[in-house]
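Data block below; observations after.
The values are calculated or read from the model by the stated rules, or taken from the named source; none is laboratory data. Because the structure is a prediction, the values reported are computed rather than measured. Here the Cβ is made from the backbone with ideal geometry for all residues, glycine too, and neighbour counts use every protein chain on show.
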Amino acid sequence: MILWYSNEMLVQGLLQSKKSCIEFIYREYFPMVRSAIGIQNGSLADAEDVFHDGLLIIYGRLRTEGFTLNSSFKTYLFAVCRNLWRRRMERKYRLMYKAENMVSEPSCDDSYIDSFEEKEAEKYRLYMKHLKEMPEFCRHLLRLYIEKVPLREIAEIMNYKDAEYVKARKYYCKNLLRKKIMSDPECKQFMNYE
Amino acid sequence: MNELFFTSEWIGRFTDNELDQEQEINVLLMASQNPLLRNELRMDREINDMLLDLKKSELSEMIGNTIRSGKQPVIHHPLLKLAAMAVILVALSVLAGQFFRNHAARTENAPKQAKTHSVQQQLAFSCNVPAMQQHTEKTIHARHRQADRLQAIAENYTTRPEYEFLIGGITRDQTLFLISPRARVQCSQDSVIIFNWRCLSECKPLTIEISNNRGVCIFRSDPLTEAPFALPAKNLLKGLYYYKVLSKDDLVTMGSISVK
């Protein structure tokens, strides 16, 4: 078990979704994020959400070509999480008080998060949360679908009569997921695409 | 088709590009008129994208699991751990040294300590019931004595009814007047009570008699031919007394003295 990770190891670990690396990031850097959010009246659940979304945003950026991490991973994660929380607070503030003239100053250009990126990260987390709450057979079916297992094989594994029935079940499960997401008050903000 | 349109299958087939051209045009036509359907189609596409990005979904799940199971004790930097271990070891060695020194000292002083009471003896002493009872009885007796004393003092000031109504100017001899003391005197033990009188004609010898509140005569003067007569109160205990001024055997006057 590695007790300490360098910057490069953390980047590679995140890109390869290494469990030990994620655990290290959590145990070493989450208290810092929790403290920063706690100071600004955020709860533990808020801190956990922001930490989760922040890591996903960094992961997305690391995957884009030409992106280089100019600061330490810790600094970068902290800046991303802080900006993320600031954006959420601004959004909440606007929703509560209809204040349109808020001023936001990103702490550094490098870690600046635009509205789209922030919403995408939150949306992704909420979708994943609902996916986890799906019935077991749905999760299994969708997992096989994700892994691009042929429909005939899925039918054999799941004891379905044919590939068409697998498709029908898949549509049913996706529909169920959609309905769950649409009925979630937290997801309402993403519903209006117009 | 309209009824079927909103079913999951049609939305799914549209997302998976499994509809023919005519069906697809119909779906798009309906979607252009129905914002709810547009939302559902877009969401279905997003869910599809999310599901197909296997790496990202794995990472997200892993982060979620780590956070959920993250209520573990924080493991610090290895150097910090080493430092903490070193501090603990030093502390333990100091404590052990202290313990052995104390143990050695106790072994040396063992004969001296034999003279002292053992714990059992001390416990036995502290649980000595007769001694405790004796102590309690002593306390009760002391309280009783105090109460008796107070009772006695109170009784010393109890008035005597057969004397009380005589207090004042009773005289059978109209030629003699008592100037002092007054009929009711209150004084302390360090004061002196002066008896003074005057005669209009020839004075007969007077006798002064002091009796306590129980009627017992405690002092009787010799026949007095000249005034005044001083009676120091220090000879009287605290209590209520009655004085009588007698001319031969006739009562001239009577009064009370309360010594505080």
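Determine, yes or no, whether B:K112 is within 26 Å of A:K132 (Cβ to Cβ), more than 7 Å from every other protein chain (Cβ to nearest Cβ) and at pLDDT below 80. Before the answer, list the steps.
On the way: within 26 Å of A:K132 (Cβ to Cβ): no; more than 7 Å from every other protein chain (Cβ to nearest Cβ): yes; at pLDDT below 80: yes.
No, not satisfied.
Of all residues in the stretch A:155-165, which are within 14 Å of chain B (Cβ to nearest Cβ) and either modelled with pLDDT of 90 or more or loosely packed, with under 13 Cβ neighbours inside 10 Å (or both)? Walk me through how you get there before you give the answer.
Taking the stretch A:155-165 as the starting set, the residues that turn out to be within 14 Å of chain B (Cβ to nearest Cβ) are A:163-165.
Matches in the stretch A:155-165: A:E164 only.
Of the residues B:A91, B:A96, B:A83, only one is closer than 30 Å to A:V33 by Cα, surrounded by 10 or more Cβ atoms within 10 Å (Cβ to Cβ) and either small (G, A, S) or facing another protein chain (nearest Cβ under 9 Å) (or both); which?
Numbers: B:A91 fails: closer than 30 Å to A:V33 by Cα; B:A96 fails: closer than 30 Å to A:V33 by Cα.
None of the others qualify; the one that does is B:A83.
Those residues that are more than 9 Å from chain B (Cβ to nearest Cβ), in contact (Cβ under 8 Å) with a residue 40 or more places away in the chain and farther than 15 Å from A:L56 by Cβ, I need them from the stretch A:16-32; list them, please.
Passing the criteria: only A:M32.
Show the residue pairs that are 6+ apart or on different chains and have beta-carbon atoms under 9 Å apart, the first residue being within the stretch B:24-51 and away from chain A (no Cβ under 12 Å) and aromatic (F, W, Y), the second being assigned to a helix (DSSP H, G or I) and surrounded by 13 or more Cβ atoms within 10 Å (Cβ to Cβ).
Here the result reads none, with nothing in the stretch B:24-51 linked to a residue that is assigned to a helix (DSSP H, G or I) and surrounded by 13 or more Cβ atoms within 10 Å (Cβ to Cβ).
Which one of B:E46, B:E61, B:E40, B:E9 is at pLDDT below 80 and either surrounded by 10 or more Cβ atoms within 10 Å (Cβ to Cβ) or touching a Phe, Trp or Tyr at 6+ places or on another chain (Cβ under 8 Å) (or both)?
On the way: B:E46 fails: at pLDDT below 80; B:E61 fails: at pLDDT below 80; B:E40 fails: at pLDDT below 80.
Of the residues listed, the single one that is at pLDDT below 80 and either surrounded by 10 or more Cβ atoms within 10 Å (Cβ to Cβ) or touching a Phe, Trp or Tyr at 6+ places or on another chain (Cβ under 8 Å) (or both) is B:E9.
Would the stretch A:53-66 turn up any residue that is within 14 Å of chain B (Cβ to nearest Cβ), free of Cβ contacts under 8 Å to residues at least 40 places away in the same chain and of a type in the set (A, V, I, L, M)?
There is no residue in the stretch A:53-66 that is within 14 Å of chain B (Cβ to nearest Cβ), free of Cβ contacts under 8 Å to residues at least 40 places away in the same chain and of a type in the set (A, V, I, L, M).
When you go through A:L151, A:L142 one by one, which is the residue that is closer than 19 Å to B:S60 by Cβ and either of a type outside the set (S, T, Y) or surrounded by 12 or more Cβ atoms within 10 Å (Cβ to Cβ) (or both)?
Working: A:L151 fails: closer than 19 Å to B:S60 by Cβ.
So the residue among A:L151, A:L142 that is closer than 19 Å to B:S60 by Cβ and either of a type outside the set (S, T, Y) or surrounded by 12 or more Cβ atoms within 10 Å (Cβ to Cβ) (or both) is A:L142.
I'd like the full set of residues that are assigned to a strand (DSSP E or B) and modelled with pLDDT of 85 or more, limited to the stretch B:175-195. Reasoning before the result, please.
First, the residues of the stretch B:175-195 that are assigned to a strand (DSSP E or B): B:176-180, B:184-187, B:192-195.
Residues satisfying the conditions are B:R184, B:V185, B:Q186, B:C187, B:V192, B:I193, B:I194, B:F195.
Could you list, in sequence order, all residues of the stretch A:31-86 that are closer than 17 Å to A:S6 by Cα and either surrounded by 14 or more Cβ atoms within 10 Å (Cβ to Cβ) or modelled with pLDDT of 90 or more (or both)?
At the first step, the residues of the stretch A:31-86 found to be closer than 17 Å to A:S6 by Cα are A:55, A:58-59, A:62, A:68-78.
Passing the criteria: A:L55, A:I58, A:Y59, A:L62, A:L69, A:S71, A:F73, A:K74, A:T75, A:Y76, A:L77, A:F78.
In the same structural domain as B:G255 (by TED's automatic domain parsing), under 12 Å from B:M254 (Cα atoms) and touching a strand residue (DSSP E or B) at 6+ places or on another chain (Cβ under 9 Å): does that describe B:A183? Even if it seems obvious, please write down each step before you answer.
Working: in the same structural domain as B:G255 (by TED's automatic domain parsing): yes; under 12 Å from B:M254 (Cα atoms): yes; touching a strand residue (DSSP E or B) at 6+ places or on another chain (Cβ under 9 Å): yes.
Yes: the conditions hold for B:A183.
What are the residues in the stretch A:13-64 that are of a type outside the set (A, V, I, L, M) and within 14 Å of A:N83 (Cα to Cα), if any? It would help to see each step written out before you state the result.
Quick first cut of the stretch A:13-64, residues of a type outside the set (A, V, I, L, M) only: A:13, A:16-21, A:23-24, A:26-31, A:34-35, A:38, A:40-43, A:46, A:48-49, A:51-54, A:59-61, A:63-64.
Those that are of a type outside the set (A, V, I, L, M) and within 14 Å of A:N83 (Cα to Cα): A:R34, A:Q40, A:G42, A:D46, A:D49, A:F51, A:H52, A:D53, A:G54.
On the given criteria, is A:K148 under 23 Å from the mean Cα position of the chain (by Cα), part of a loop (DSSP other than H, G, I, E, B) and at the interface with chain B (Cβ under 9 Å from one of its Cβ atoms)?
Values: under 23 Å from the mean Cα position of the chain (by Cα): yes; part of a loop (DSSP other than H, G, I, E, B): yes; at the interface with chain B (Cβ under 9 Å from one of its Cβ atoms): yes.
Yes: the conditions hold for A:K148.
So which strands (runs of 3 or more DSSP E) are wholly in the stretch B:200-260 and hold at least 1 residues that are small (G, A, S) and under 21 Å from B:I179 (Cβ atoms)?
Numbers: elements: B:206-212, B:217-220, B:229-232, B:239-247, B:250-259.
Counting at least 1 such residues, we get B:229-232, B:239-247, B:250-259.
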